[in-house]
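Chemist: Dumping the structure here so I can ask a few things about it.
Derivation of every value follows stated rules applied to the coordinates shown; laboratory data play no part. Just so we're clear, the structure is a prediction, and the values are computed from it rather than from any experiment. Note that each Cβ is placed from the backbone with ideal geometry, even for glycine, and that neighbours are counted across all protein chains shown.
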Amino acid sequence: MRLEYQLPSGAWYACGDRTDEFLDMCVRFGNLPDRATVLATLANGYKVRNDPNDWYSFCRDGEAADALEARARAQREAHERDQEARHGPVLNCRSCGQSGRSGNYPFSTNPGSGYCDDCR
């Protein structure tokens, strides 16, 4: 477990030497009965509040968060591969930057040109 706390900027930082202090605050302000429940909740990938006065006052297990992020990234990539296999690659217009799939608007007339129907 790598306990992290959130700063008001939204960034996450390791608790380091203050891990016990943050776990105690999570028990006190996270509405959880004891430290074991806090640790189990964090290990399942949830965030736990550590201060009632700040909007960004959460702790999380950094390892669980990394695993959830990797799983979500793999699902997005698999979905994109599936969409590309079904509908072709995403094209971007060289002139205006509009994007779309080959054979569909805005690339329905000449997708090989690199320009959308509006810029052609």
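Chemist: By count of other Cβ within 10 Å, fewest leading, how are 3, 68, 42 ordered?
Modeler: 68, 3, 42
Chemist: How many nm is it between the label spots at residue 24 and residue 71, if each spot is 7 Å from the Cα in line with the beta carbon?
Modeler: Here the modelled spin labels are 3.3 nm apart.
Chemist: Continuing with the same structure: Can you work out ³J(HN,Hα) from phi for every residue in segment 85-102, in order, using Karplus 6.51 cos²θ - 1.76 cosθ + 1.60 and θ = phi - 60°, giving whole Hz and x for Gly and Pro?
Modeler: With the stated coefficients, segment 85-102 comes to 5, 7, 10, x, x, 7, 10, 10, 5, 6, 8, 9, x, 5, 10, x, 8, 4 Hz.
Chemist: Give a residue-ordered list of calculated ³J(HN,Hα) values for segment 67-72 (Karplus: 6.51 cos²θ - 1.76 cosθ + 1.60, θ = phi - 60°; whole Hz; x for Gly, Pro).
Modeler: 3J(HN,Hα) across segment 67-72, in whole Hz: 5, 5, 5, 5, 5, 5.
Chemist: Sorting 84, 4 on the 10 Å Cβ count, fewest up front, what's the list?
Modeler: So the residues, fewest neighbours to most, are 84, 4.
Chemist: Can you compute 3J(HN,Hα) from phi for each residue in segment 24-36, using the Karplus curve 6.51 cos²θ - 1.76 cosθ + 1.60 with θ = phi - 60°, rounded to whole Hz and x for Gly and Pro?
Modeler: Each residue of segment 24-36 in turn: 5, 5, 5, 5, 5, 10, x, 6, 10, x, 8, 5, 4 Hz.
Chemist: Using the alpha-carbon centroid of each, what span in Å lies between segment 54-95 and segment 1-36?
Modeler: 26 Å
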